[in-house]
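A.B. asks: First the structure, which I've put down as structure tokens, then a few questions once you've had a look.
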Amino acid sequence: MIEQLIPPGMRSVLGPRMQVGMVVRDLEVATEFWAQHLGIGPWIAMKSSSADRRFVHRGAESPVEMELAFSYAGDTQLEIIAQTNDAPSPYKEFLDEGREGVHHLGFWPEDFEGSCSALRSAGFEELFALYLPDGSSNVTYYSSPAFIGLVVELAPMTPFRRKYMTAIEKLAQSWDGSHPLRRFGSREEFIASDDFRRVEGEGK
């Protein structure tokens, strides 16, 4: 029994929450489908995802530009990514293979560095990383063994990340079907929006 190999009280390497990340050619078409046919929304779109972060793909810096949209199905975050330039990236490689749809599984472990080390020890190979100006890693993607078949993303759950993610989850929980795609220039612009203030007010 595999349970007998796991020490009592051992924490999950990946953490308790998960994201399903999808890569598409047209963000608006994808979010509209999810909203109209699957009842998932609203989608909070960020026009610029780079901010002051550096993107490193397969060991080389790459000026990736992309638009992101987030929503929730229960407590699982859904992310849709549409790259807006031709810079080398895991997203471009995925699309160049003629694929669209589910690209990666994302997790926010309690011990980001420890979890990254655990994945490397298990045979995962770093594919892509985002770095903050201070040199710390903000997101890391790993290629996985063939029997997993998807990229695995790890990211530290910073207070800023928790702040906007929690608001998006609350918006999804109370969504009435209106305005299924809501575009913002950045995460900061979303935090300054009426949508954010409304759900923040509900929690007080």
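A.B. asks: Give me a count of the residues in segment 141-156 that are touching an Asp or Glu at 6+ places or on another chain (Cβ under 7 Å) and open to solvent by 20 Å² or more (accessible area, probe 1.4 Å).
C.D. replies: 1
A.B. asks: For segment 94-110: of the residues being under 21 Å from residue 138 (Cβ atoms) and open to solvent by 20 Å² or more (accessible area, probe 1.4 Å), which is modelled with the lowest pLDDT?
C.D. replies: In this case the residue turns out to be 110.
A.B. asks: Right, something else. Which of the residues spanning segment 14-73 are β-branched (Val, Ile, Thr) and more than 21 Å from residue 138 (Cβ to Cβ)?
C.D. replies: Answer for segment 14-73, where residues must be β-branched (Val, Ile, Thr) and more than 21 Å from residue 138 (Cβ to Cβ): 24, 29, 31, 40.
A.B. asks: Within segment 152-159, identify whether any single residue is within 15 Å of residue 69 (Cα to Cα) and among the small types (Gly, Ala, Ser), and answer yes or no.
C.D. replies: Within segment 152-159, not a single residue is within 15 Å of residue 69 (Cα to Cα) and among the small types (Gly, Ala, Ser).
For every residue, the table says whether it meets (1) in contact with a Cys (Cβ under 8 Å, 6 or more places away or on another chain); (2) loosely packed, with under 15 Cβ neighbours inside 10 Å; (3) within 30 Å of residue 38 (Cα to Cα).
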| position | (1), (2), (3) |
| --- | --- |
| 120 | no, yes, no |
| 127 | no, no, no |
| 132 | no, yes, no |
| 139 | no, no, yes |
| 164 | no, no, yes |
| 167 | no, no, yes |
| 175 | no, no, yes |
| 179 | no, yes, yes |
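A.B. asks: Moving to a separate point now. Would you mind telling me which numbered condition in (1) within 23 Å of residue 187 (Cα to Cα); (2) open to solvent by less than 10 Å² (accessible area, probe 1.4 Å) residue 84 fails?
C.D. replies: Going through (1) within 23 Å of residue 187 (Cα to Cα); (2) open to solvent by less than 10 Å² (accessible area, probe 1.4 Å) one by one, residue 84 breaks only (2).
A.B. asks: Just to check your reading of the model, which residue among 196, 190 is over 28 Å from residue 92 (Cα atoms) and surrounded by 12 or more Cβ atoms within 10 Å (Cβ to Cβ)?
C.D. replies: Just one listed residue meets the conditions, 196.
A.B. asks: Mind checking which pairs have a first residue in segment 175-202 that is within 23 Å of residue 158 (Cβ to Cβ) and touching a residue at least 40 places away in the same chain (Cβ under 8 Å) and a second that is open to solvent by 40 Å² or more (accessible area, probe 1.4 Å) and among the aromatic types (Phe, Trp, Tyr), Cβ under 8 Å, 6 or more apart or different chains?
C.D. replies: Once the first residue is within 23 Å of residue 158 (Cβ to Cβ) and touching a residue at least 40 places away in the same chain (Cβ under 8 Å) and sits in segment 175-202, its partners that are open to solvent by 40 Å² or more (accessible area, probe 1.4 Å) and among the aromatic types (Phe, Trp, Tyr) give 187/160.
A.B. asks: Also: Return the total of residues in segment 53-83 being among the hydroxyl-bearing types (Ser, Thr, Tyr) and closer than 16 Å to residue 130 by Cβ.
C.D. replies: 1
The values are calculated or read from the model by the stated rules, or taken from the named source; none is laboratory data. Since we're looking at a predicted model, the values are computed, not measured. Methodologically, a virtual Cβ is constructed for each residue, glycine included, from the backbone with ideal geometry; neighbour enumeration extends over all protein chains shown. The area values use the complete protein model at the heavy-atom level, side chains included, leaving out ligands, DNA and RNA. Shrake-Rupley method; radii C 1.70, N 1.55, O 1.52, S 1.80 Å.
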